[in-house]
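Asker: Before we start, here is the structure in question, set down as structure tokens.
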Amino acid sequence: MGLQITKHSKVKQANILMLGLDSAGKSTLLYKFKSDEVFLTIPTIGFNVDMIETGKDFTLTFWDVGGQLQYLILESFYK
């Protein structure tokens, strides 16, 4: 009960939503940001979520949504 003392995190965050057609390179771009290694990707079914720390005080959260038509209908919820 009463007020709780909360510390606001000094870590800055950004959310990035990647939408596009099939085989457009969304997952490849996500893996390239995460690592310098080469990955063999397969078509995304559903979505991938990955967090990348770009420094000690900044975090990017990538939402990689598959390009199938049934998932692109959800695009209107993100605008």
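Read-outs: derived from the displayed coordinates by stated rules, not from any lab. All of these numbers come straight from a predicted model, not from anything done at the bench. When we count neighbours, we look across all protein chains shown, and the Cβ atoms used for this are built from the backbone with ideal geometry, even at glycine.
Asker: Where does each of Thr54, Thr28 land when they are ranked from fewest to most other beta-carbon atoms within 10 angstrom? Numbers along the way, then the final one.
Answerer: Values: Thr54 11, Thr28 15.
Listed from fewest to most nearby Cβ atoms, that is Thr54, Thr28.
Asker: If neighbour count is taken as other Cβ atoms inside 10 Å, put Lys26, Lys34 in order from fewest to most. Walk me through the intermediate numbers first.
Answerer: Working: Lys26 23, Lys34 14.
Least to most surrounded, the residues fall as Lys34, Lys26.
Asker: Could you put Leu17, Leu30, Leu60, Leu40 in order, starting from the residue whose Cβ has the fewest other Cβ atoms within 10 Å?
Answerer: Leu40, Leu17, Leu60, Leu30
Asker: Near Val49, within a Cβ-to-Cβ distance under 14 Å, what is the net charge of the other residues, with Lys and Arg +1 and Asp and Glu -1? If you can, show how the numbers build up before the last one.
Answerer: Details: positive: Lys26, Lys34; negative: Asp50, Asp64.
Here the charged neighbours net out to 0.
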